[in-house]
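For reference, the structure discussed in these notes is given below.
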Amino acid sequence: MNKNIATISFSKNNILSKLSKHMFGTNLEHIGDAIYRNGIWAEVVENRKFCGPDKLVWNNGLENDHLDFGIVQPWKGYNASAKHVMYAHSNSEYIVKGEEIISRYGSGKQSQQITIREKSKIQRGIKQKINIIDSKDEYEFSIYFKGENQKVFINIGEINFTFNANKNWKKIKKTFTFKKSNSLKTLSISIKSGTIFIANCSLMPKNTIFGFRKDITEMIKEWKPSYIRWPGGNFLSGYNWQNGVGKKDYRLPYYDHAWYQWEYNDVGTDEFMKWCEYIGSEPMITINTGDGTIQQAKNWIEYMIGSINTKYGKLRYKNGRKNPYELQTIFIGNEMFGGWQIGHTDPITYANKYNSFVKELKKLNKKLRFIAVGACSDHFGHWNEYVLKNIKEKIDELSVHYYSIRTEKDKKHPDYKTRYIPTVAAATEVRLMLDRTIREIKKYSNKNIKIAFDEWNTYVEATPPYFIENYNIADAIYAASLLNACINRGDIITNTGIYHLINVMGNYRIEKKKIWKTPTTLVLELYTKFHKGKILKSVVNSSNFVSFKLGKQPEYKNNKLIDSAVTMNGKHMCMSVVNKSSSEKILLKVPYLDRIAENYCIEGSNKVDLNTFENTSRVKIKKNSLKTSKGFLILPPHSISVVLFNI
């Protein structure tokens, strides 16, 4: 056939199955700058609870003392002087509550001590650089302190005020609006005499969504993911939910051994669940089967869905939420086959643990849905075979995670401008993986188990601690093609969740004031909005192309230039179609061509275009830009199109 001509056939009477309501979800994990620092949480002050170590490097000579010794990172000395001031992270004075495990990474139970050793004419203390997102907003500053009735000086950019420290712990609040528009400011806390302890320090804009940044929250609401899976991911396997509820100032921060960073516990169950309600996305919770117990899991679910007559429902009410949250789906653990996972185990032990957890959790609500840890194909020691053979309790879906290309651990990462062909072809490998996994499930279980493909993406150059990827048009085409494959297997694949939502391999990027969507996010917006109802069986005929080996992905010789998925909702049809050609338009023969109501296209001017800090909307959705000619729909090169029909 002519390589520039393709056909797709489908009929409103040829139905595969109903499209699941969980088809276009995502993940929010406590990793990198996803939540705190430069993430979605609106707190301006970094390490506001003064947890962890100072920045001592033991290479100073006898005559060169470390002036910032005793100052918790990333805070620094303000008019530091070894003669005049002593700093310490005090582990005797603190206000947070809970039990912690002591480690070399420091403690969460501490405060910042400042002691003036020799009377000084100038103020001395601590400081840090802060970034103000919108100086026109009203901000609330708060601080917990304990001192010797001396005057404490607070400077936040051009805002200056003082208060007197008491001998007992006390919280001070002050609300203000900045007078100057500059974003970069310095926060300093200082004294001239005596000793002061600082336990918590916060600067939050008043205009937030339950503490989350309003600008990025409203942007996510434009997509409205089918669901948001939280709190992980690998982070989950060391997470204690009880440290993340109640008054935020008293929540115990701790060192997360999954991603090697401090977790401040300002974002917990109530914040997440309320935030999901606001966005309109279904929350999905992953239960800790790493170092967590069945009782902890049961208590957590009771906290979310129990009546106020239950022990933990009553605690939820005490924390400000009377009505139970809407929770339908629970993941029992995360990637328990992997040596990177806290509490990782063998498949039979995991299956037995799954049975024990589900047996207890379903007592709370018989309608709860449960997802077991699965693996791709027959990998990880035939994990799926042994898990499926040994799970006796209710299982609704088997979780599958898969990341494409996998060059993130290579010494040199391929430049995003050079990897177009293997990136768009990566969906071919995903399709093969899914089909092999489906065969495994059917072979080893006679239950009606579906697949939750709840972690997927390309994984090319994301490295610790920020895990940033340059997601471009090629990655968007990969995502669209992958989703088409999942929709076309929607009788067994009933859940997909891209990894990840914010910054870390993120659909949304935050860089101080600026926020933007990746091209992949535009795909998810269109698919979520328009693919609904019933899945129609469709057949595509197009030319193939060859992709070269890259990373862990081999050469593939039979990649289709065109792939598609079709759904029908009442009298409306939605066809999503991808043209993977880097340079050629494709003429597509389509049924119902004369009944097109509207169309949307994502293409960019270049095959590797992406949105960036400098240009946040280079790639955008174009409405009704597609053309027809002599009975064909014209698909631009390197494009994703969504076409709506009235039937």
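The values are calculated or read from the model by the stated rules, or taken from the named source; none is laboratory data. Computed from a prediction, not measured in an experiment: that's the story for all the values here. Cβ atoms come from the backbone with ideal geometry, glycine included; neighbour counts cover every protein chain shown. Note: areas computed on protein heavy atoms with side chains; ligands, DNA, RNA excluded. Shrake-Rupley method; radii C 1.70, N 1.55, O 1.52, S 1.80 Å.
Numbers at a glance
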| quantity | calculated |
| --- | --- |
| Whole-Hz ³J(HN,Hα) from phi, Karplus 6.51 cos²θ - 1.76 cosθ + 1.60, for segment 426-439, glycine and proline x | 4, 5, 4, 5, 4, 4, 5, 4, 5, 5, 5, 5, 4, 5 |
| Extension reserve of the residue 546-residue 260 stretch, reckoned as 0.36 nm per residue once the Cα distance is removed | 98.9 nm |
| Other-chain or far-sequence residues with amide H under 5 Å of residue 152's (modelled H) | 163, 164, 165 |
| Distance cut-off 50 Å, percentage of C-alpha pairs in the chain lying past it | 18 percent |
| Relative contact order, percent, the chain [alpha-carbon distance under 8 Å, six or more residues apart] | 16 percent |
| Table column - 3J(HN,Hα) (Hz), segment 507-519, Karplus curve with 6.51, -1.76, 1.60, x for Gly and Pro | 6, 10, 10, 10, 9, 6, 6, 8, 9, 7, 9, 7, x |
| Inter-label distance for residue 222 and residue 614, nm, one decimal - labels placed 7 Å from Cα along Cα-to-Cβ | 2.2 nm |
| Rg/Rg_ref, segment 461-599, where Rg_ref = 2.2 N^0.38 Å and atoms are Cα | 1.17 |
| Of the trypsin sites (Lys or Arg not before Pro) in segment 150-242, those whose Cβ has at most 15 other Cβ within 10 Å and which sit in DSSP loop | 167, 179, 180, 206 |
| Inter-part distance where segment 388-457 and segment 512-553 are each reduced to a Cα centre, Å | 15 Å |
| Over 22 Å (Cα to Cα) - which of 367/442; 171/513; 119/167; 322/532; 298/322 fall in this group | 367/442; 171/513; 322/532 |
| Of all accessible heavy-atom area on segment 486-585, the percent that carbon and sulfur account for (1.4 Å) | 51 percent |
| Residue among 553, 115, 625 farthest towards the positive dipole end of the chain, charges placed on Cβ | 625 |
| Amide H contacts under 5 Å for residue 462, placed H, 5+ residues apart | none |
| Neighbour net charge for residue 234 - beta-carbon separation under 11 angstrom, K R +1, D E -1 | -4 |
| Estimated 222 nm signal from helices in the chain, with DSSP H stretches of n ≥ 4 weighted -39500 (n - 2.57), rounded to 500 | -6000 deg cm²/dmol |
| Cα-based Lys proximity count in segment 554-606, under 21 Å, for pairs eight or more positions apart or on separate chains | 6 |
| Positive-end extreme of charge dipole, segment 475-617 - chosen from 592, 521, 567 (charges on Cβ) | 567 |
| Centroid-to-centroid separation of segment 62-132 and segment 255-316 [C-alpha atoms, Å] | 32 Å |
| Modelled FRET efficiency - R0 25 Å, residue 622 with residue 647, Cβ distances, 0.05 increments | 0.55 |
| Estimated vicinal HN-Hα couplings, Hz - segment 585-590 in sequence order (Karplus 6.51, -1.76, 1.60; Gly, Pro = x) | 6, 10, 8, 10, 7, 10 |
| Dipole moment magnitude, nearest 20 debye, the chain about Cα centre, only Lys, Arg, Asp, Glu C-beta charged | 1400 debye |
| Spin-label pair residue 389/residue 436, simplified geometry with 7 Å Cα→Cβ offset, distance in nm | 2.0 nm |
| Lys/Arg +1, Asp/Glu -1 at C-beta; the chain dipole; positive extreme among 428, 210, 74 | 210 |
| Cα-based reach from residue 411 at 15 Å (exclusive), listing aspartates and glutamates while leaving out same-chain residues under 8 positions away | 461 |
| Portion, in percent, of the accessible area of segment 1-139 that falls on carbon or sulfur, probe 1.4 Å | 49 percent |
| Label-zone membership for segment 221-249, site residue 364, 7 angstrom Cα→C-beta point, backbone N under 15 Å | 230-231, 240-245 |
| Cα gyration tensor shape for segment 385-494, rounded if a/c is under 1.5, else prolate or oblate | prolate |
| Å² per residue, accessible surface of the chain at 1.4 Å | 41 Å² |
| The chain: antiparallel DSSP beta bridges as a percent of all, rounded to 5 | 75 percent |
| For segment 265-305, the spread of Cα positions along each principal axis, largest first, Å | 31, 21, 15 |
| Mean Cα-pair separation over length for segment 197-263, i.e. relative contact order, pairs under 8 Å, 6 or more apart, % | 20 percent |
| Relative contact order of segment 400-547, defined on C-alpha pairs under 8 angstrom at six or more residues apart (%) | 26 percent |
| Heavy-atom accessible surface of segment 225-348: percent carbon and sulfur, 1.4 Å | 50 percent |
| Amide proton proximity set for residue 370, modelled H, under 5 Å, gap of 5+ | 330, 396, 397 |
